[in-house]
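Below: one structure, written as structure tokens.
Bear in mind that the values in this text are calculations on the coordinates, not laboratory data. Quick caveat: nothing in here was measured; it's all calculated off a predicted structure. Using ideal geometry, Cβ is built from the backbone for each residue, glycine included, and neighbour counts are taken over all protein chains shown.
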Amino acid sequence: MKDAKIEYFRIYDLRANFASRLSAAGTPDNLVAGVLGHQTASIVSTYTKVVDEYRKDAMRKLETYREEQQKKGTSASPASTQPAESVPTI
């Protein structure tokens, strides 16, 4: 820990990070609870609060983008304004 210059660390932080990442990846709360060994999914809300904030932030950004496009007089996304043949296929 000293070599990595980490001054404050708790094992719990790894567990919380793991649970938050599972939730961010779309894993249902009951499954996250099972992986962590919890009896119920209610405690998992402690970890998913962080993910919910990321989702809310993403939605705010989308709304801001939409409002900017309306002010410019267009509601189309940049990708949809390109001719079909120039859009790469996957």
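Some values worked out for this structure:
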read-out	value
Difference of contour (0.36 nm per residue) and Cα-Cα distance, L14 to R55	12.6 nm
Principal axis dimensions, the stretch 11-71 - Cα atoms, whole angstrom, descending	50, 22, 15
Relative contact order (percent, whole number), the stretch 11-71, Cα cutoff 8 Å, 6+ residue spacing	28 percent
Order of Y8, Y65, Y47 under a 10 Å beta carbon neighbour criterion, fewest first	Y8, Y65, Y47
Rough spin-label spacing in nm, given labels placed 7 Å along Cα→Cβ, for K72 and E7	4.4 nm
